[in-house]
Amino acid sequence: MNPIDQLTQLFERFPGIGPRQARRFVQFLLVERAGYRNELAEHIRLLASQTSQCGRCYRWFAKDSRSAGADKKCSICSSTSRDAGILFIVEKDADIESVERSGFKGLYFVLGGTIPLAADEPEKHIRLIELLARLESDASSPYGGRTSVSLTEVILGLSATTEGDHTRQILQEKIFPIAAGLSFKLSSLGRGLSTGSELEYADPDTIASALSSRN
Ligand SMILES: [Zn+2]
């Protein structure tokens, strides 16, 4: 395959990008100066070497260049000014940015997707096992031994879509039985978001009001 077709195919894998848009990206790169293409290629390479996935919340973050790649936790999880008693569960990294803009000050957990309606094994589509282990450890021992705060509330921040609703139901079925024993409350944003809306695209005021009216 020639380099034009090959790059077009790579762009087609981007979310929401079809063959025509992918072709336009390649055409754009063909006429751009070489310096721009090199910079783009270099930054794509740096994504691998200068980012890390947080071992607590699983979001991707830029490593601190001063700490020589030793970071295991992101800035939110390692902050001492956050409320470690509240855990906000989101589908993807981009949701965290939206929730942050609403002024939320607790911690997060990224599921890494939603559960398709026909899925037989939900744990293959989201980080269900990791989530249950996290809830267990946060609720039974003080948060990572770092503060005396233990888990008091878990908020399910799933999208108001069919798959989001389905995922929320499964999570509720899995979490409810352990919530009482570990004495934390389970709440959901569901009703605060309008039908079909994704957390990523919700404005900060909508998220803030959904948070204050959670059930
Ligand atoms: Zn984190």
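The values are calculated or read from the model by the stated rules, or taken from the named source; none is laboratory data. Just so we're clear, the structure is a prediction, and the values are computed from it rather than from any experiment. Every residue, glycine as well, gets a Cβ built from its backbone with ideal geometry; the counts of neighbours run over all protein chains shown. With ligands, DNA and RNA removed, areas are computed over all heavy atoms of the protein, side chains included. Shrake-Rupley method; radii C 1.70, N 1.55, O 1.52, S 1.80 Å.
Evaluate the following for R134: is it touching a Ser or Thr at 6+ places or on another chain (Cβ under 7 Å), modelled with pLDDT of 90 or more and either assigned to a helix (DSSP H, G or I) or within 22 Å of S209 (Cα to Cα) (or both)? So R134 fails the test. For the range 85-101, a residue qualifies if it is more than 18 Å from A202 (Cβ to Cβ) and away from the ligand (no atom under 12 Å from the Cβ), and the qualifying residues are G85, I86. Scan the range 65-84 and tell me whether some residue there is open to solvent by 70 Å² or more (accessible area, probe 1.4 Å), away from the ligand (no atom under 16 Å from the Cβ) and outside any loop (DSSP other than H, G, I, E, B). Yes, that holds for at least one residue. Restricting attention to the range 179-214, the residues that are under 21 Å from L132 (Cα atoms) and in a loop (DSSP other than H, G, I, E, B) add up to 4. Summed over the range 15-32, residues that are open to solvent by 90 Å² or more (accessible area, probe 1.4 Å) and at pLDDT below 95 total 1. Inspect all residues belonging to the range 169-185 and state whether any of them is open to solvent by less than 20 Å² (accessible area, probe 1.4 Å) and of a type in the set (S, T, N, Q). Taking every residue of the range 169-185 in turn, none turns out to be open to solvent by less than 20 Å² (accessible area, probe 1.4 Å) and of a type in the set (S, T, N, Q).
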